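Q: What follows is a single structure, and I will ask about it in a moment.
The values are calculated or read from the model by the stated rules, or taken from the named source; none is laboratory data. Source: prediction; values computed, not measured. Here the Cβ positions follow ideal geometry from the backbone for every residue, glycine too, while neighbour counts run over all protein chains shown. Only protein heavy atoms, including side chains, enter the accessible area calculation; ligands, DNA and RNA are left aside. Shrake-Rupley method; radii C 1.70, N 1.55, O 1.52, S 1.80 Å.
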Amino acid sequence: MNDRLSYCEKKDLPDSVFGLPQRREYPMPDAAHVRAAEAYFRYCPEDLKPQLARAILSRAKEFGVDVESPVVLSYADQ
């Protein structure tokens, strides 16, 4: 599965599948994109990391993805 979405594909996604819906960043429509969001977590602005971490964990649970990053897990607790 490719973790790249075209502009049109991304445009058609509902806000609810984005890790940062207000910015429409970190789309997670499937398990591959949940793993990609975890991998790109370090690029998220510091003040938005807790929100993104919680979104990653929520979507990961939905798709049966194990989140292994201790950084993501620590931010989710904030």
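Q: Which of the residues that make up region 8-59 are basic (K, R) and under 21 Å from D77 (Cα atoms)? Explain how you work it out, then say what you get.
A: Taking region 8-59 and keeping what is basic (K, R), we get 10-11, 23-24, 35, 42, 49, 54, 59.
R35, R42, K49, R54, R59, listed by residue number.
Q: For region 1-31, what are the residues that are under 21 Å from D66 (Cβ atoms), open to solvent by 20 Å² or more (accessible area, probe 1.4 Å) and part of a helix (DSSP H, G or I)?
A: A31
Q: Follow-up question, since we're still on this one. Determine whether region 44-51 contains at least one residue that is out of contact with any Pro (no Cβ under 6 Å at 6 or more places or on another chain), modelled with pLDDT under 95, assigned to a loop (DSSP other than H, G, I, E, B) and over 24 Å from D12 (Cα atoms).
A: Start the filter on region 44-51 by keeping residues that are out of contact with any Pro (no Cβ under 6 Å at 6 or more places or on another chain), which leaves 44-51.
Filter once more, so that each one left must be modelled with pLDDT under 95: none.
No: region 44-51 contains no residue that is out of contact with any Pro (no Cβ under 6 Å at 6 or more places or on another chain), modelled with pLDDT under 95, assigned to a loop (DSSP other than H, G, I, E, B) and over 24 Å from D12 (Cα atoms).
Q: Can you report the number of residues in region 52-78 which are of a type in the set (D, E, K, R), at pLDDT 95 or above and open to solvent by 70 Å² or more (accessible area, probe 1.4 Å)?
A: Going residue by residue through region 52-78, those that are of a type in the set (D, E, K, R) are 54, 59, 61-62, 66, 68, 77.
Still in the list and also at pLDDT 95 or above: 54, 59, 61-62, 66.
With open to solvent by 70 Å² or more (accessible area, probe 1.4 Å) added as a condition, the list becomes 54, 61-62, 66.
Selection size over region 52-78: 4.
Q: Please go through region 52-66 and give me each residue that is assigned to a helix (DSSP H, G or I) and farther than 9 Å from V34 by Cβ, ordered by number. It would help to see each step written out before you state the result.
A: Our first condition is that a residue be assigned to a helix (DSSP H, G or I); within region 52-66, this holds for 52-63.
Of everything in region 52-66, those that are assigned to a helix (DSSP H, G or I) and farther than 9 Å from V34 by Cβ turn out to be L52, A53, R54, A55, L57, S58, K61.
Q: Follow-up question, since we're still on this one. Answer yes or no: is there a residue in region 58-69 that is without any contact (Cβ under 8 Å) to a residue 60 or more places away in the chain and in contact with a Phe, Trp or Tyr (Cβ under 8 Å, 6 or more places away or on another chain).
A: Start the filter on region 58-69 by keeping residues that are without any contact (Cβ under 8 Å) to a residue 60 or more places away in the chain, which leaves 58-69.
Pick out the ones that are also in contact with a Phe, Trp or Tyr (Cβ under 8 Å, 6 or more places away or on another chain) and you get 69.
Yes: one or more hits.
Q: Sticking with this structure for a sec: Looking only at region 32-51, which residues are surrounded by 13 or more Cβ atoms within 10 Å (Cβ to Cβ), without any contact (Cβ under 8 Å) to a residue 24 or more places away in the chain and small (G, A, S)?
A: Start the filter on region 32-51 by keeping residues that are surrounded by 13 or more Cβ atoms within 10 Å (Cβ to Cβ), which leaves 32-38, 40-41, 44, 48-51.
Filter once more, keeping what is without any contact (Cβ under 8 Å) to a residue 24 or more places away in the chain: 37, 40.
Passing the criteria: only A37.
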